[in-house]
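Nothing in this text is a laboratory measurement; each read-out follows from the coordinates by a stated rule. Since this is a predicted model, take the numbers as computed values, not measurements.
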Ligand SMILES: C[S@@+](CC[C@H](N)C(=O)[O-])C[C@H]1O[C@@H](n2cnc3c(N)ncnc32)[C@H](O)[C@@H]1O
């Protein structure tokens, strides 16, 4: 009982702190014209694709051999990894940007989905850039070992045979997004989860989006309600989108909701959400 009350107090304080620091950021213009339309996003259809399921069954043993972790700290959970694989298969992006490489949990699933598309459609070469503010592949620091991963993200990409189209970029997201000359079809924002950061990253990412492109957020808690039994919320991504909406931008988030498979804590709920043009 005391633990539950304490938990709620901590969550409320976190939300207030985030709201206050978000208010300090001056309004940023946000051009949403390139974003995907809502009617292209039929989540149920995307996740029930039989072709994607077949490809997943073929790729999954490879992925779990190099990345056996069920719930490695900081990496996205197994259900979300699979959902991203299905999303990439459905959207067939030619160019992908990920912000927040960390231990490469999402990176290798995006790469494997692109690899499967490459085999199936003999598609032109993909571009997949993944950005983190620390050097995720540093052989001296071996940061991944602290998270029980067996290999660095770059090593895993090499083992998947995807090193020909995946690049690791060691830079702060804002700097990268500001200077980048590449345009992307799919951008996954999973770096800083602070509301003020996500609020700055979304308009910058939109500038780099090809027409009809997609931006995927992680840790989106609709209406700031807990998604799992642990009662926790990460308020940043929701607060950032809520502010962009309140400022009259034609943008909204579509939470992926219940997946057909388990995510974490015995639940099938995902915190992934796709941004779309209203
Ligand atoms: C939640 S982890 C990403 C998890 C990763 N997608 C995975 O599945 O393994 C967040 C990562 O974003 C990075 N990050 C946080 N703020 C950043 C920023 N402003 N620019 C670049 N990277 C950032 C952190 O260093 C951390 O590695």
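Structure notes:
- Region 93-239, Cα convex hull volume normalised per residue, Å³: 134
- If the segment from residue 268 to residue 4 were pulled out straight at 0.36 nm per residue, it would be longer than the present Cα-Cα gap by 92.8 nm.
- Springs between Cα atoms under 10 Å define the GNM used for the chain, and in it the highest mean-square fluctuation of 112, 205, 141 occurs at 141.
- Helices in the chain, meaning DSSP H runs of at least 4 residues, each add -39500 (n - 2.57). Divided by all residues, the mean residue ellipticity at 222 nm is -13000 deg cm²/dmol.
- Rounded to two decimals, the Cα-based Rg/Rh of region 1-120, with Kirkwood Rh, is 1.08.
- Extension gain from residue 38 to residue 57, taking 0.36 nm per residue of separation minus the Cα-Cα distance: 4.0 nm
- Extended-chain gain in nm, criterion 0.36 nm per residue less alpha-carbon gap, residue 134 and residue 12: 40.9 nm
- What the pair-distance distribution of the chain shows, using all Cα-Cα distances binned every 5 Å from zero, is 1, 6, 13, 17, 20, 18, 14, 8, 3, 1, 0, 0 percent.
- The chain: relative contact order as a whole-number percent, Cα under 8 Å and 6+ apart: 24
- Pairwise centroid distance, computed over Cα atoms, of region 239-261 with region 106-125, Å: 27
- Region 180-207 and region 5-33: distance between their alpha carbon centers, rounded to Å: 17
- D_trans [Stokes-Einstein, Kirkwood Rh over alpha-carbon pairs] for region 168-278, 37 °C, 0.692 mPa s, µm² s⁻¹: 223
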